[in-house]
Amino acid sequence: MKITILGSGTSCGVPQIGCPCEVCTSTNPKDKRLRCSSLLEIYGKRILIDCSPDFREQMLRIDFKPLDAVLITHEHYDHVGGLDDLRPYSIFGDVDVYAEKFCADHLMERIPYCFTPKDKRYPGVPAINLIEIEPHVPFVIKDVEREPMASEYLEDAIKMKRQQIWEELQRIREREGDICRKDVVIMPIRVMHGNLPIVGFRIENFAYITDMKTIPDTELPLLQGIDYLIVNGLRHTSHPSHQTIEEAIAFARQQGVRETWLVHMSHHIRPHAVEEQSLPPGVHLAYDNEVIEF
Ligand SMILES: [Zn+2]
Ligand SMILES: [Zn+2]
Ligand SMILES: [Zn+2]
């Protein structure tokens, strides 16, 4: 799996407009934080997580190739403000955007023209398929170049063993060899953004969770066995809807994660070079354009 951090900043980005603080005026590129989003590459698929208002600028730095899926964590502007800029990707075909119902309804109200059916589309609008997902119900980004057979195996696994799906998938892959290798199974996980229920995503032994303050105990079995984690750590002082850096570190420890990268950071944390020194082993401040491979 390869992950490119497209943006590691909080909702207003860093530097924050008009702020003279030492982080906002730092010349270190690692202190320039666009709004929060990442690009995942796995089994030849490119999966975007959230589509920030900085999406255009973020993607100009990356090879122009199709996006196989766009996963949306929630409808706050800093996570969806770039959806209109998916337009150039429509030349490869409609872009599949996955969001839960509450979030999808908000998007339909705010940017309805992005989701017009093919036969009624005004030329030049983004061509987006909005696909509703639910927490705890895994979905598959299928490999379209292969026979559908492999996906049937995956769907069986999903039905049979929701909580142990990763072990089951491993067994199927060992048994069937290449046949399942290119399908990507994604598990949406419920997390709480203050009072707002939103989703994080688990893919194999990796989880991406942003804008979390707390997580219900019922979700923890779905995170069992994750080795790598991207999670939000806003600043050091408490916030009603975001974890602090300390809360993020404690969460990563509880899950027994091997490596953790913090995102959604504000200018209230110290400059990258200073703050990074104070983190425990295995925990890092993510930075924009960082490429993580495992
Ligand atoms: Zn946010
Ligand atoms: Zn500042
Ligand atoms: Zn938010």
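Hey, can you tell me all the residues within segment 23-51 that are more than 21 Å from E100 (Cβ to Cβ) and in a loop (DSSP other than H, G, I, E, B)? Across segment 23-51, the qualifying residues are V23, C24, T25, S26, T27, N28, K32, L34, Y43, G44.
Scanning segment 242-265 for residues being over 18 Å from the mean Cα position of the chain (by Cα) and either over 26 Å from N205 (Cα atoms) or of a type in the set (A, V, I, L, M) (or both) gives a total of 3.
Please work out which residue is farthest from E293 (Cα to Cα), limiting yourself to segment 9-53 and to residues that are in contact with a Cys (Cβ under 7 Å, 6 or more places away or on another chain) and crowded, with 22+ Cβ neighbours inside 10 Å.
That would be V14.
Put simply, of P66, P20 the only residue that is without any contact (Cβ under 8 Å) to a residue 12 or more places away in the chain, assigned to a loop (DSSP other than H, G, I, E, B) and either away from ligand 1 (no atom under 16 Å from the Cβ) or in contact with a helix residue (DSSP H, G or I) (Cβ under 8 Å, 6 or more places away or on another chain) (or both) is P20.
None of the figures in this text is laboratory data; all of them are computed from the coordinates on show. Keep in mind that what you see is a predicted model, and the values were worked out from it rather than measured. Don't worry about glycine lacking a Cβ; one is built from the backbone with ideal geometry, like all the others, and counts go over all protein chains shown.
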